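Just below is one structure, and these are the notes that go with it.
The values are calculated or read from the model by the stated rules, or taken from the named source; none is laboratory data. Note that the structure is a prediction, hence the values are computed from the model and not measured. So basically every Cβ, Gly included, is an ideal-geometry build from the backbone, and we count neighbours across all protein chains shown.
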Amino acid sequence: MSDRITSPFQRYSTAREVVAGHDLSGQTIIVTGAATGIGVETVRALAEAGADVVIAARKPDLAAAAIADVEKTAKGKVSFEMLDLSDFASIRAFGARWGARPLNILINNAAVMACPLDHTKDGLEMQIGTNHFGHFLMTALLTPALIAGAKASGKTSRLVSLSSIGHVRSDIRWDDPHFRQGDYEKWASYGQAKTANALFAVGFSRRFRDQGVTANAVMPGGILTPLQRHLPIEEQRAMGWLDENDKAVTGFKTTEQGASTSVWAAVGPELEGIGGLYLEDCAQAVPWSKENPRAGVMPHALNPESAERLWALSVETTGAGA
């Protein structure tokens, strides 16, 4: 990968380090699921650089606490909008409230991981229903705002789609993405959802880069956050995530470090006009290999034909984005 895109930052850089020197005054950014975890640190770094940042989430109390904390150092305005990505009606209401306001950056950060079998309000399997289809519908509704943001600023608007190394666990289950045949397995479900997040960036960028909007997928790294709410402590120990004192093992990141690649995808000059990539540790990811199984990207997550197939399925499922 002689043409691989890198940056001055690395695995353990923080979001604040990445955004240092950037003036984001006048830019408007939405971050989904940003009331906890790496989402808060993503918002904090961008708001400290002067951006007006909207936390789009489903728990007003947690968002209010996050905003109160972030506002201590923010230069830009930080606000909250109700958004439940497991409910198409909530997503459409969010899009209607947003209207035609220009948008510069959209960070699809929210996620559900390894939950028991459950379904969204619209009958979709919860992980792909929330992580992908919910974000697909929301992004489709906000795409005109992203295009308007690019025209108004004269700079490319950016979509950041958070994926995960979990994508190695499963390609899209094309014949049964919602596990209706009764063979639900929580990690296979999470894997296909994270594959979908990466493929969405490929398909979106192909469609909209000529209109001034690019998209890249991000693997934030291993970070202990509320994302693990469905995983018993015993399972986290068995997976080797925790040491004998139930602390994160070496290799895990802090939330500040976990937000760095999202922020780089949002503001990094190395990515201006470039989309359809899978980013990791503030650089374009290398191909996955058995020798280094916890890093890299699998071919199925960047396959352009799969991206088109997923786009068609997403249009059919959500009724938006044709």
Filtering region 28-82 down to residues that are over 19 Å from the mean Cα position of the chain (by Cα) and assigned to a loop (DSSP other than H, G, I, E, B) yields A49, G50, E71, K72, T73, A74, K75, G76, K77
Can you tell me which condition D176 does not meet? The list is (1) part of a loop (DSSP other than H, G, I, E, B); (2) at pLDDT 95 or above; (3) in contact with a Gly (Cβ under 9 Å, 6 or more places away or on another chain), and all the others hold.
(3)
Within the set of pairs 6+ apart or on separate chains, which have a first residue in region 40-55 that is in contact (Cβ under 8 Å) with a residue 12 or more places away in the chain, a second that is β-branched (V, I, T) and part of a loop (DSSP other than H, G, I, E, B), and C-beta atoms under 9 Å apart?
E41/T14; E41/T254; R44/T73; A45/T14; A47/T73; E48/T73
Residue match in region 246-259 (condition: modelled with pLDDT of 90 or more, crowded, with 23+ Cβ neighbours inside 10 Å and among the small types (G, A, S)):
yes
So for region 135-148 (the condition being within 25 Å of P293 (Cβ to Cβ) and among the aromatic types (F, W, Y)), does at least one residue qualify?
no
Listed residues L137, L83, L103; which is crowded, with 20+ Cβ neighbours inside 10 Å, modelled with pLDDT of 95 or more and more than 13 Å from I30 (Cα to Cα)?
L137
Across region 107-136, what is the number of residues that are farther than 18 Å from G319 by Cα and small (G, A, S)?
3
From (1) more than 21 Å from G203 (Cβ to Cβ); (2) in contact with a Ser or Thr (Cβ under 8 Å, 6 or more places away or on another chain), pick out the condition that doesn't hold for Q127.
(1)
For region 221-243, indicate whether the set of residues that are part of a loop (DSSP other than H, G, I, E, B), crowded, with 23+ Cβ neighbours inside 10 Å and at pLDDT below 95 is non-empty.
yes
Would you point out which residue out of G37, G21 is more than 18 Å from F94 (Cα to Cα) and touching a Pro at 6+ places or on another chain (Cβ under 7 Å)?
G37
Looking at V286, V297 in this structure, which one is among the β-branched types (V, I, T) and buried (at least 21 other Cβ atoms within 10 Å of the Cβ)?
V297
Between A320, A312, which is closer than 22 Å to G134 by Cβ, at pLDDT 65 or above and not in a helix (DSSP H, G or I)?
A320
Of the candidates A198, A188, the one satisfying the condition of being within 20 Å of L85 (Cα to Cα) and either touching a Phe, Trp or Tyr at 6+ places or on another chain (Cβ under 8 Å) or in a helix (DSSP H, G or I) (or both) is A198
